[in-house]
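Only one structure is covered here, and it is reproduced in the block below.
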Amino acid sequence: MRRWAKPVLLGVTVGALLAGGVAWLAGADVVADVCWAAGTLVAVPPAVWWVVAALRRKQAGVDVIAVLALAGTLAVGEYVAGALIAVMLATGRALDAAAERRASHDLRALLEHAPRSARRRRGETVSVVALSDVGVGDLLVVGPGEVVPADGVVDSGFAVLDESVLTGEPLQVERSTGDPVRSGVMNAGSAFELRATATAEQSTYAGIVRLARQAGAESAPVVRLADRYAAWFLPLSLAVAGLAWLVSGSAERAVAVLVVATPCPLLLAAPVAIVSGLSRSSRLGVIIRGGGAPGDARPRANAGDGQDRDAHYRAARRRGDRGRTEPAAGRGAAAGRVG
């Protein structure tokens, strides 16, 4: 479906549900049923499309129950229940799409920050070369406001760097001759020369971008768990619905079971929460590899080291010393890789 289709579907289904509610309060039951039936009908084609797409990937998700519930409510005339399911399904899909767009936006921000070229010095000549042409041992010139293109060491003089993109810390740091510098940080001072110790592809920032791409392509363990439960939850729901129809002789009882068994918000809550959490973390400078990492996170035994660095960091701020102090790890991004 197109990017705008899910928000439009949400707007139409919510509008139909509200219009039907207003008509019902006004005593126009027929108009209310028409509105609710329209909202249900609008949701059926995209719901069927999502189910078919899942089946093509050999995934029998619980959206099948939602489709059956939508069709069942239309068949037995329980239009308000169908409209509610339509809103529920459309809301979950719209939230999922919004979270994915947010995560994609953060990944694009990472890619846009990455340098596209480097200035290499050979003798007295400085030339602009592609990042892929940077080799270990090359002498690079990093100008004011430029992003360090590759991991290396300061070759001469000193450098004033803004490392917030990697560490999340706002204070600038100084690096003297021989000190290591990671790619992705910004030169906040005058130009300096850097001796590359790794290619751009093997450097820190390129690794972070790779991890972010992998995180976006993976499905978290909790999402796979929900899919696995669907393998038995779907036939169980259908069996209970069939039994209710058989015992009561009423199709409405079977539809009621399907309506109650429709768990779209529950199953969509997991990917929405995880993708939103990854997105929020990336805005704080923390790149988490994979959706399972937040749930598996545990306190580290060496927390005292972080406290010591925090104390050193605060003391440096009181002194106004921007010398060679390592940024505190308290806000947790050291190279931004978790998991």
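The values are calculated or read from the model by the stated rules, or taken from the named source; none is laboratory data. Remember, it's a predicted structure, so these values are computed and weren't measured experimentally. No Cβ is skipped: glycine too gets one built from the backbone with ideal geometry, and neighbour counts run over all protein chains shown. When the accessible area is computed, the model is the full protein with side chains, heavy atoms only, and any ligands, DNA or RNA have been set aside. Shrake-Rupley method; radii C 1.70, N 1.55, O 1.52, S 1.80 Å.
Candidates Ala60, Ala54: the one that is within 26 Å of the chain's Cα centre (by Cα), of a type in the set (Gly, Ala, Ser), assigned to a helix (DSSP H, G or I) and modelled with pLDDT under 90 is Ala54.
For region 152-181, how many residues are out of contact with any Gly (no Cβ under 9 Å at 6 or more places or on another chain) and within 17 Å of Gly207 (Cα to Cα)?
Taking region 152-181 first, the residues out of contact with any Gly (no Cβ under 9 Å at 6 or more places or on another chain) are 152, 156-157, 162, 170-171, 175, 178-179.
When the remaining residues are screened for being within 17 Å of Gly207 (Cα to Cα), the result is 152.
Summing the residues that are out of contact with any Gly (no Cβ under 9 Å at 6 or more places or on another chain) and within 17 Å of Gly207 (Cα to Cα) in region 152-181 gives 1.
Scanning region 160-196 for residues being more than 23 Å from Leu111 (Cα to Cα) and of a type in the set (Asp, Glu) gives a total of 3. Checking each residue in region 242-255 for being free of Cβ contacts under 8 Å to residues at least 60 places away in the same chain and surrounded by 12 or more Cβ atoms within 10 Å (Cβ to Cβ) picks out Gly242, Leu243, Ala244, Trp245, Ser248, Ser250, Arg253. All of (1) open to solvent by 70 Å² or more (accessible area, probe 1.4 Å); (2) aromatic (Phe, Trp, Tyr); (3) over 24 Å from Arg253 (Cα atoms) hold for Trp50 with one exception: (1).
The one condition from (1) open to solvent by less than 70 Å² (accessible area, probe 1.4 Å); (2) assigned to a helix (DSSP H, G or I) that Val30 does not meet is (1). Taking the criterion of being touching a strand residue (DSSP E or B) at 6+ places or on another chain (Cβ under 8 Å), farther than 10 Å from Leu161 by Cβ and assigned to a loop (DSSP other than H, G, I, E, B), the residues of region 184-199 that qualify are Gly184, Ser190, Ala191, Thr197, Ala198.
Per the conditions (1) open to solvent by 30 Å² or more (accessible area, probe 1.4 Å); (2) within 21 Å of Leu111 (Cα to Cα); (3) free of Cβ contacts under 8 Å to residues at least 24 places away in the same chain, the sole criterion not satisfied by Leu131 is (3). Could you tell me which residue of region 1-27 is surrounded by the fewest Cβ atoms within 10 Å (Cβ to Cβ), considering only residues that are touching a residue at least 40 places away in the same chain (Cβ under 8 Å) and charged (D, E, K, R)? The residue in question is Arg3. Of all residues in region 1-27, those satisfying the criterion of being among the aliphatic types (A, V, I, L, M), part of a helix (DSSP H, G or I) and within 21 Å of Thr91 (Cα to Cα) are Ala5, Val8, Leu9, Leu10, Val12, Val14, Ala16, Leu17, Leu18, Ala19, Val22.
Picking from residues in region 151-183 that are assigned to a loop (DSSP other than H, G, I, E, B) and more than 16 Å from Val141 (Cα to Cα), the one that is most open to solvent (accessible area, probe 1.4 Å) is Pro170.
Just checking, how many residues over region 164-198 are of a type in the set (Val, Ile, Thr) and at pLDDT below 85?
At the first step, the residues of region 164-198 found to be of a type in the set (Val, Ile, Thr) are 165, 167, 173, 177, 181, 185, 197.
Filter once more, so that each one left must be at pLDDT below 85: 165, 167.
Number of matching residues: 2.
Within region 75-91, the residues that satisfy the criterion of being over 23 Å from Pro7 (Cα atoms) and either open to solvent by 40 Å² or more (accessible area, probe 1.4 Å) or of a type in the set (Val, Ile, Thr) (or both) are Ala75, Val76, Glu78. Among the conditions (1) open to solvent by 30 Å² or more (accessible area, probe 1.4 Å); (2) among the hydrophobic types (A, V, I, L, M, F, W, C); (3) over 23 Å from Ala231 (Cβ atoms); (4) touching a residue at least 40 places away in the same chain (Cβ under 8 Å), Leu68 misses just one, which is (3).
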